[in-house]
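Novice: Please find one structure pasted underneath; my questions will follow.
Any read-out appearing in this document is the output of simple, stated calculations on the displayed coordinates, not a laboratory observation. Remember, predicted model here, so these are calculated numbers, not experimental data. Cβ atoms come from the backbone with ideal geometry, glycine included; neighbour counts cover every protein chain shown.
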Amino acid sequence: MITTASTIPVEVGENYLEAFAKLSCTNVNVMHIRNREDAQKPDYIQRIKEADAVMFSGGNQMRLTATFGGTEIYRTLQTRYKNEEGFLIAGTSAGAMAMSNTMIYEGNAANAHLKGAVKVTTGLAFMGDVIFDSHFDKRGRFGRLAQAVATNPTCIGIGLGEDTGLLITEGNKMEAIGSGMIIIIDGHNIGYCNIADIADNSPISVENLTVHFWRKETDTCWKQENT
């Protein structure tokens, strides 16, 4: 369990240890990696090499990219994720949002219809051609994910509701888990879009965004061919 994104890492780590214990997962350890110097420590690197799964907590996703980008831990995670069947990388909230190559790091839902209100940068890139957003329905984040997809139409936007997750296997097969809903926004068929031609803080206009409302179903798996 990596608590780097959180400003209260000790408390968050203890909460997750309790949660995993209730699931009978007892071989769980917490790594309070606070800066890039920590991310280069041999002990942490070795633990990443030996772990069966790594999970990133919530908090601020920019802490994750700024701390781990280009480090040995990051390279180890990338290598293991791409080459070792059964190795799992997971994230919640900010930890989930950092999983993709294109990452939302700022954007007020109330202003998400205005050009420039949604800020996007490069994430940890475990997944390509997707953009994740969390607390999606509770915090009304449809507009900001739609703008992120409109400016990056190669990407599939994935909005995760509360108590809901997405299990991704083989790089592009996705299965919904949990009790809530997942919203998928597909920009591949966008027609008219004014976002390249208007000034910042002007309302955007986009046609033909495809939206899927998706929940856990028996034997249901969604596959993105271009990812």
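Novice: Which order do the peptides 25-34, 141-150 come out in when sorted by mean C-beta neighbours inside 10 angstrom, highest first? List each step's numbers first, then the result.
Specialist: On the way: 25-34: 14.0, 141-150: 23.7.
Peptide ranking by packing, descending: 141-150, 25-34.
Novice: May I pose another question? If each Cα of region 99-227 is one equal point scatterer, what is log10 of I(q)/I(0) from the Debye formula at q = 0.09, 0.10, 0.12, 0.15 Å⁻¹?
Specialist: Values, matching the q order: -0.24, -0.29, -0.43, -0.67.
Novice: Give me the Å³ per residue figure for the convex hull around the C-alpha atoms of region 46-90.
Specialist: Numbers: hull volume 3.3 nm³, N = 45.
Given the Cα convex hull of region 46-90, per-residue volume reads 73 Å³.
Novice: Also, I was wondering about something else. So which GluC sites (Glu not before Pro) in region 4-110 end up in coil per DSSP with only 14 or fewer other C-beta atoms within 10 Å?
Specialist: Working: sites: Glu11, Glu14, Glu18, Glu37, Glu50, Glu72, Glu84, Glu85, Glu106; in loops: Glu84, Glu85.
Qualifying residues, ordered by number: Glu84, Glu85.
Novice: FRET efficiency for Phe20 and Ala110, Cβ-Cβ distance as r, R0 = 45 Å, nearest 0.05? Numbers along the way, then the final one.
Specialist: Values: r = 36 Å, r/R0 = 0.80.
Using R0 = 45 Å, I get an efficiency of 0.80.
Novice: Show the residues, 5+ positions off or on another chain, whose built amide H is closer than 5 Å to the amide H of Thr102.
Specialist: For Thr102, whose amide H was placed from the backbone, the distant partners under 5 Å are Gly123, Asp129, Val130.
Novice: Name the long-range amide H neighbours of Met55: under 5 Å, sequence gap of 5 or more, or other chain; modelled H, no Pro or chain starts.
Specialist: Amide H neighbours of Met55: Ile2, Ala90.
Novice: Further question: Sort largest first and round to whole Å: the equivalent ellipsoid semi-axes of the chain, each the square root of five times a Cα gyration tensor eigenvalue.
Specialist: Values: eigenvalues 185, 77, 55 Å².
With the √(5λ) rule applied to the chain, the semi-axes are 30, 20, 17 Å.
Novice: Need one number: % antiparallel among DSSP beta bridges in region 48-162, to the nearest 5. Provide the component values of the computation, followed by the final result.
Specialist: Values: 4 of 13 bridges.
Within region 48-162, antiparallel bridges account for around 30 percent of the total.
Novice: With r defined as the distance between the Cβ atoms of Arg139 and Arg47 and R0 fixed at 41 Å, what FRET efficiency is calculated, to the nearest 0.05? Display every interim value, and only then the final one.
Specialist: Numbers: r = 33 Å, r/R0 = 0.81.
Step by step, r from the Cβ atoms, then E = 0.80.
Novice: Between Lys82 and Glu175, how many nm apart are label points set 7 Å from Cα along the C-beta direction?
Specialist: If labels sit at Lys82 and Glu175, their model points lie 2.6 nm apart.
Novice: Taking H as built 1.01 Å from N, whose amide H comes closer than 5 Å to the amide H of Lys119, not counting residues under 5 places away?
Specialist: Result for Lys119 returns Tyr105, Glu106, Gly107.
Novice: While we're here: Let me test this: with uniform point scatterers at the alpha carbons of region 1-92, what is the Debye-based log₁₀ I(q)/I(0) at q = 0.10, 0.13, 0.14 1/Å?
Specialist: -0.24, -0.40, -0.47
Novice: Turning to a different aspect of this structure: What list of ³J(HN,Hα) values in whole Hz, one per residue of region 174-185 in order, does the Karplus curve 6.51 cos²θ - 1.76 cosθ + 1.60 (θ = phi - 60°) give from phi, with Gly and Pro shown as x?
Specialist: Residue by residue, region 174-185 yields 10, 10, 6, 9, x, 9, x, 10, 10, 10, 10, 10 Hz.
Novice: Give me the extension gain from Thr210 to Asn101: residue separation times 0.36 nm, minus the current Cα-Cα distance, reported in nm with one decimal. Working shown, then result.
Specialist: Numbers: separation 109, 0.36 × 109 = 39.24 nm, distance 2.11 nm.
Length difference between fully extended and current span is 37.1 nm.
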